[in-house]
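Structure first, then comments.
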Amino acid sequence: MVSTKAPEDAYTAEPFVPDRGGLPALRRAAADCRGCPLHRDATQTVFGQGTADARVMLVGEQPGDQEDRQGKPFVGPAGRLLDRALEEAGIDPSEAYVTNAVKHFKFTQAEPRKRRIHKAPSLREMTACGPWLAAELAVVEPELIVILGATAGKALLGSSFRVGEVRGALLEREIHGRQEKLVATVHPSSVLRAQDDKDRKAAYEGLVSDLKVAARALS
Ligand code: URA
Ligand code: SF4
């Protein structure tokens with residue numbers, strides 16, 4: 001029997017990415033991306049938000065439940081925490097370009113109408129979605145990239161990336177042929193998942209302290 005299903009390693013957004021037209025063209029095209037299976041169950045593509053002249057690009061993992069419904073990155077609980085931490089660190093959230101490594105929400109759901117539970121994207125899905133992030137980087141050309149958590153780090157720097165090893169330091173790495181400055185920190189959701197108030201406070205302060213390194217690099 002001949003299979004009509006594309007081989008799984010053929011997942012890629014590449015054919016959907018326009019090579020001109022800036023952010024508006026990218027956003028329009030991303031709405032119709034079928035580069036991997038994640039578009040099937042999600043409500044919509046959640047593309048990056050911000051202007052092409054933003055000096056800093058923040059990269060998260062993937063949209064969550066609220067982001068999937070509203071079509072905008074970091075508008076749920078993790079986003080509110082991130083905005084607070086950014087302000088405390090001295091970065092104006094409205095001046096940042098905010099995006100995710102993967103543009104569709106991946107989740108599990110026990111039954112229809114039950115709560116949708118976030119599921120981490122696979123390496124294959126991250127790789128498939130990579131051309132969108134590469135295109136955003138090429139248009140925005142940020143002075144600094146802030147990596148929020150392991151998925152963003154792996155998407156940009158490869159699968160050996162470990163947040164704990166590099167967080168809070170100003171890094172210089174070549175990404176898609178361009179020398180980039182980066183600061184990595186934990187994902188804001190990990191602060192929300194802390195066991196108790198004491199752990200949460202410590203995790204939040206760690207996030208703010210890493211973001212202050214980013215703020216200094218921009219000043
Ligand atoms: N977590 C992310 O990584 N991105 C979002 O947009 C929201 C939550
Ligand atoms: Fe395309 Fe990325 Fe969505 Fe997959 S997750 S369909 S590659 S936009």
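Just so it is clear, none of the values below were taken in a lab; they were calculated from the coordinates. Treat the numbers as computed from the prediction; the structure is a model and nothing was measured. Neighbour counts are summed over all protein chains in view; Cβ atoms, including those assigned to glycine, are modelled from backbone coordinates with ideal geometry.
Data overview
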item	result
For the range 65-219, size of Cβ-based charge dipole, Lys and Arg +1, Asp and Glu -1, in debye	680 debye
Sites matching trypsin sites (Lys or Arg not before Pro) across the range 85-153 that sit in DSSP coil, with at most 15 neighbouring C-beta atoms within 10 Å	113, 114, 115, 119
FRET efficiency, residue 172 to residue 118 (Cβ-Cβ, R0 35 Å, nearest 0.05)	0.65
Distant-in-sequence amide H partners of residue 187 (H built 1.01 Å from N, under 5 Å)	149, 150
Listed residues 134, 208, 46: farthest to the positive end of the dipole of the chain (Cβ charges)	46
Length-normalised contact order for the range 23-218 - Cα pairs under 8 Å, 6+ apart - percent	23 percent
Cα-based shape type of the range 16-106, given that a ≥ b ≥ c are square roots of the gyration tensor eigenvalues and the cut on a/c is 1.5	oblate
Spin-label model distance (nm) - residue 138 vs residue 87, 7 Å beyond Cα toward Cβ	3.7 nm
Gyration tensor (alpha-carbon) shape descriptor, the range 23-218, a/c threshold 1.5	oblate
Label-to-label distance, nm, for residues given as residue 70 and residue 25 (7 Å Cα→Cβ offset)	3.0 nm
Computed E for residue 95/residue 199 - FRET, C-beta separation, R0 35 angstrom, nearest 0.05	0.70
Vicinal HN-Hα couplings computed from phi for the range 160-175 (Karplus, 6.51 cos²θ - 1.76 cosθ + 1.60; Hz; Gly/Pro x)	8, 4, 10, 3, x, 7, 10, 4, x, 10, 7, 10, 10, 9, 8, 10
